[in-house]
1. If you scan the range 228-252, which residues turn out to be out of contact with any Gly (no Cβ under 6 Å at 6 or more places or on another chain), within 15 Å of Ala370 (Cβ to Cβ) and either open to solvent by less than 10 Å² (accessible area, probe 1.4 Å) or outside any helix (DSSP H, G or I) (or both)?
2. Within the set of pairs 6+ apart or on separate chains, which have a first residue in the range 336-347 that is among the hydrophobic types (A, V, I, L, M, F, W, C), a second that is in a helix (DSSP H, G or I), and C-beta atoms under 6 Å apart?
3. Does Ser243 meet the test of being out of contact with any helix residue (DSSP H, G or I) (no Cβ under 9 Å at 6 or more places or on another chain) and modelled with pLDDT of 80 or more?
4. Please tell me if Gly382 is crowded, with 24+ Cβ neighbours inside 10 Å and either under 18 Å from Ala245 (Cα atoms) or of a type outside the set (A, V, I, L, M, F, W, C) (or both).
5. Does Ala444 satisfy the criteria of being part of a strand (DSSP E or B) and crowded, with 18+ Cβ neighbours inside 10 Å?
6. Could you go through the range 507-529 and let me know if any residue there is more than 25 Å from Pro269 (Cβ to Cβ), outside any helix (DSSP H, G or I) and open to solvent by 50 Å² or more (accessible area, probe 1.4 Å).
7. Which residue is nearest to the chain's Cα centre (by Cα), if the candidates are limited to the range 357-379 and must be more than 20 Å from Phe288 (Cβ to Cβ) and open to solvent by 50 Å² or more (accessible area, probe 1.4 Å)?
8. Assess whether Gly302 counts as being open to solvent by less than 40 Å² (accessible area, probe 1.4 Å), more than 27 Å from Ala409 (Cα to Cα) and either modelled with pLDDT under 80 or not acidic (Asp, Glu) (or both).
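The values are calculated or read from the model by the stated rules, or taken from the named source; none is laboratory data. Predicted, not measured: the structure shown is a model, and the values here were computed from it. FYI the Cβ positions are ideal-geometry reconstructions off the backbone, even for glycines, and counts take in every protein chain you see. The protein model used for the area step is the full one, side chains on, heavy atoms only, and it has no ligands, DNA or RNA in it. Shrake-Rupley method; radii C 1.70, N 1.55, O 1.52, S 1.80 Å.
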Amino acid sequence: GWQASMKSGNLSYILQCNRLPVQLMSQVRVYTSNGQKKDLGSEDTSGSTPEGTLHKVGTGRQDTTNAGQKQSFLKESIQVKVKAVLKKREYGPKYTQNNFITGVRAINEFCLKSSDLDQLRKIKRRSPHDDTETFTVYLRSDVEAKSLEVWGSPEALARERKRRKEAEIKYRENLFRNQRLLWEYREFFGNTKPRSSAAAMFFKGPGKVVMVAICINGLNFFFKLLAWVYTGSASMFSEAIHSLADTCNQALLALGISQSARTPDPSHPYGFTNMRYIASLISGVGIFMMGAGLSWYHGIIGLLHPHPIESLLWAYCILAGSLVSEGATLLVAINEIRRSARAKGLSFYQYVVQSRDPSTNVVLLEDAAAVLSVAVAATCMGLTSLTGNPYYDSVGSLGVGTLLGTVSAFLIYTNTEALLGRSIQPEQLQRLTELLESDPVVRAIHDVKATDMGMSKVRFKAEVDFDGRVVTRSYLEKQDIEQLLQEIQQVKTLEELEAFMLKHGENIIDTLGAEVDRLEKDLKQRNPDVRHVDLEIL
């Protein structure tokens, strides 16, 4: 085997195969970021071992032979390649020296004033917002030093933060009381505030459809209830309950529309657009419980305990009026869905099944069910009048309940799918994928997800493998190559090399960020429904 001894960086090897002692010495230099170097070993030109003598292998004649071979071998020169490396910098588990923060964060988190920031270094950086190209940031280390200068010590800064936190909690507790006082003031002196955008939503689009449906279904409920009290018909009772359920559910839809217009806040950064789906889901459950449940109950009671029915003349008149009013509301909903589907490039059926506008869908299905249920109720009541058999009327109540149950099941399914976050259509996803893959800075994309967040808002996410050579070339195309070449030729020391690489490395990272912003903008232009884009760099 090999025998080796090591001491102070000198390596001594003895080759057992030919009894030839060979001693190899090398020199390794480690460079730090400040240009200092350390010699870990020195070349031994004397040819002596660390102990001052060579290991003896064999005796007598073998010693003489090995000595001659050793002298001839040591005459050959040995070339050693010196490797210069930078000393690794240890940053620790938490390193915030080079972090940037905005002026708002500096004022809020470090309890400073805007005048305190005027004396700090201002740095222009690429803005993450679409409406501005650059914005001003500050070095976190400068802000921390300024806060200690203002407050004197970290303990005093902590006490000020605690005091402000308590004041914020107290303000939030009093906020509801202040809003209530403001509401009472408005009621007493009159509200002169201009109509809000939420109120304006009820005069066009889905809001208008819902308000028309509330008014018509409320009147229908009142007249159907009078007809049921006068005739005692089970079918007329089912129709009255149906109109009541429609009125309550559409009032719930109106609440959902008004809540969806709220602006996003820190607790809900993506807004409140899903409130429409939540209201529609609750509406579907309400139709099932109030409409279908009570209709089935009353129909079963009529089958088990039949009783004669009074004159149905008024009931027929009220049903005819209800048919006209429900039909008018149904036409309003159909026209609104056709207009919206045409704007989205979808068919009428696709728009309804995908639940693009849950509020209008509920009105459409409820009014369609109302028209059909009026026809069922009128048919069963007519059979009862002709035959005198009250069982037909009870069967009509069961039929209306079954129709309402089917509508409620469809509403619950479509709105649940929308709330779970379903993917967009495969054709739309393919167009977005092709846009990314055809870009020269993109090598490959993985884990692509495009989620429909509701109300024509799509969130797109993908992991992108960028081509670093194309990004670097994009940066170099904006530079003066002659000047860059001169900078390279002036690099003589490790400190200059490190400064050169850090300078242009940071600029290349900024170029990569600009490419990401460009891709996000292109995705939003390709599909206007895309509102949020998350591109993760591999």
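1. Met236, Ser238, Glu239, Ala240, Ser243, Asp246, Gln250 - these are the residues of the range 228-252 that are out of contact with any Gly (no Cβ under 6 Å at 6 or more places or on another chain), within 15 Å of Ala370 (Cβ to Cβ) and either open to solvent by less than 10 Å² (accessible area, probe 1.4 Å) or outside any helix (DSSP H, G or I) (or both).
2. Once the first residue is among the hydrophobic types (A, V, I, L, M, F, W, C) and sits in the range 336-347, its partners that are in a helix (DSSP H, G or I) give Ile337/Tyr351; Ile337/Thr360; Ala341/Phe348; Ala341/Tyr351.
3. Considered against the rule, which asks whether it is out of contact with any helix residue (DSSP H, G or I) (no Cβ under 9 Å at 6 or more places or on another chain) and modelled with pLDDT of 80 or more, Ser243 comes out as no.
4. Answer is no for this residue.
5. No: the conditions fail for Ala444.
6. Scanning the range 507-529 turns up no residue that is more than 25 Å from Pro269 (Cβ to Cβ), outside any helix (DSSP H, G or I) and open to solvent by 50 Å² or more (accessible area, probe 1.4 Å).
7. Per the stated criteria, the residue is Ala375.
8. no
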